[in-house]
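Shown next, in structure tokens, is the structure this report addresses.
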Amino acid sequence: MQLWAVDYGPRHPCLLDPDRCGRDCRKRVSELVESYGLRISGLCAQLSKGFDDPQGLEERIAKTCKVLEMAAELGAPIVTAHPGRIPGDKGAPAYRLMLESLGKVARCAEDVGAYFCVETGLEPASVLRSFLEELSRPAIKVNFDPANLLMAYGAEEVVRGVRLLGPWIAHTHAKDHNPQTGRATVGEGLVPWREYLSELKAAGFRGWLALEDETGRDVVESLRRGLAFLRKLVSELG
């Protein structure tokens, strides 16, 4: 399971926010998760603005660093977020600002033995790959969300994205999408799951498929169907 780990504005406080959840709190969270026979795959540190906006930027970087430290303490050293849209133009001010910002985040991650994973979907996979190659920091990885890429760029981008980003993929969201209904249970939308999972396997990915359900209706049952679908497909693929 992946846990949300930051306040999302004053109206959406999070009990696990690192400014609120100290060492004792983190210990209780870890024990509670373990008591249910679960494991934490990572934390989500999606702030209200990205690293492409200079206003309040240093505060957002500092908060992200705190979440990275907390993730390492919880034994789940992966933090995911959309850091902002990466421009295709490398000369754009936002591009240079994101390079600088994620360089600072990378140093924090390296200091505590954690990884910051850029979530896919805001830009084409080719743009993200080029950015990661230029950044060249081993602590900056990818959280691959196939539904995000499907919605933005079509089903072909899902498979192509794994081929392009495979060396950086450290965490994934198992999420589906149906353009007619807007949302879908995993396995019941248009994500090409068999091809997608085959490409992940070929890329050497052995990490988490973290179910993310946005159906908004009978979510527990939807998650159960999605889990059953993934288990069956993973078993078939071997």
With 0.36 nm assigned to each residue of separation and the Cα-Cα distance removed, residue 1 to residue 194 gains 67.2 nm
Roughly how many whole Å is it from the C-alpha centroid of region 50-109 to that of region 163-203? 24 Å
How many nm is it between the label spots at residue 15 and residue 38, if each spot is 7 Å from the Cα in line with the beta carbon? 1.1 nm
Starting at 0 and stepping by 10 Å, how many percent of the alpha carbon pairs of region 1-79 end up in each bin? 19, 52, 24, 5, 0
222 nm mean residue ellipticity, helices alone, for the chain (DSSP H n ≥ 4; -39,500 (n - 2.57); rounded to 500): -14500 deg cm²/dmol
Take 11, 26 and order them by how many other Cβ atoms sit within 10 Å, fewest up front. 11, 26
Here, region 145-238 modelled as identical Cα point scatterers in vacuum has Debye log10 I(q)/I(0) at q = 0.13, 0.15, 0.24 Å⁻¹ of -0.39, -0.53, -1.32
What cysteines in the chain have no other cysteine with a beta carbon less than 4.7 Å from their beta carbon? 14, 44, 117
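May I ask you to give the average projected area over all directions of the convex hull of the Cα atoms of the chain, in nm² rounded to one decimal? Write down the numbers at each step before the final one.
On the way: hull surface 51.9 nm².
Computing the convex hull of the Cα atoms and averaging its projections yields 13.0 nm².
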Residue-span extension gain [residue 220 to residue 49] - 0.36 nm each, minus C-alpha spacing: 58.6 nm
When DSSP beta bridges are limited to those with both residues in the chain, what percentage is antiparallel, rounded to the nearest 5? 5 percent
Report the extension gain between residue 232 and residue 73 in nm, rounded to one decimal, defined as 0.36 nm multiplied by the number of residues separating them, less their alpha carbon distance. 53.9 nm
Strictly over 21 Å apart at the Cα level, which of 66/104; 49/104; 63/104; 90/201; 66/175 would you flag in this model? 90/201; 66/175
How are the Cα pair distances of region 142-184 distributed, in percent, across 5 Å bins from 0? 6, 24, 32, 23, 10, 5, 1
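No lab work stands behind these numbers, since they all come straight from the coordinates. The model shown is predicted, which means the values in this text are computed figures rather than measured ones. All Cβ positions, glycine included, derive from the backbone under ideal geometry; neighbour counts span all protein chains shown.
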